[in-house]
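J.: Mind looking over this structure? Questions follow.
Please treat every number below as a calculation from the coordinates, not as lab data. Source: prediction; values computed, not measured. Neighbour counts run over all protein chains shown; Cβ positions are idealised from the backbone, glycine included.
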Amino acid sequence: MQTLKLAAVDVSFNLEVAPLAHSVTWVNDAQHLADAGQYFEANQALKHAQDGIRFDVQTVSTAPAPHTDDASAAGNAAKTNS
């Protein structure tokens with residue numbers, strides 16, 4: 001992460017979670033309905049499976065701290081004291 005920070009690279013983490021047992025049941029139901037020619041109902045079953053998916057997105061956006069040179073800082077301090 002430190003290397004990405006120095007390069008000023010933004011990172012996004014995407015997580016998609018679906019309940020396995022429920023998703024498999026809905027997809028199997030959709031297959032049986034489609035085989036029976038009930039396409040609208042099959043589509044609804046697939047929609048139920050899709051609606052069970054949970055999305056979590058995290059974005060990490062960092063930029064390196066501005067670099068200050070000790071010599072230039074000392075020079076600026078001397079100028080302000082004059």
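J.: Those residues that are assigned to a helix (DSSP H, G or I) and either touching a residue at least 12 places away in the same chain (Cβ under 8 Å) or among the charged types (D, E, K, R) (or both), I need them from the range 4-24; list them, please.
T.: Across the range 4-24, the qualifying residues are 4, 5, 6, 22, 23.
J.: List the residue pairs whose Cβ atoms are under 9 Å apart, where the first residue sits in the range 37-57 and is closer than 17 Å to residue 19 by Cα, the second is of a type in the set (Phe, Trp, Tyr), and the two are 6 or more positions apart or on different chains.
T.: 45/26; 46/26; 47/26; 48/26; 49/26; 50/26; 52/26; 56/13
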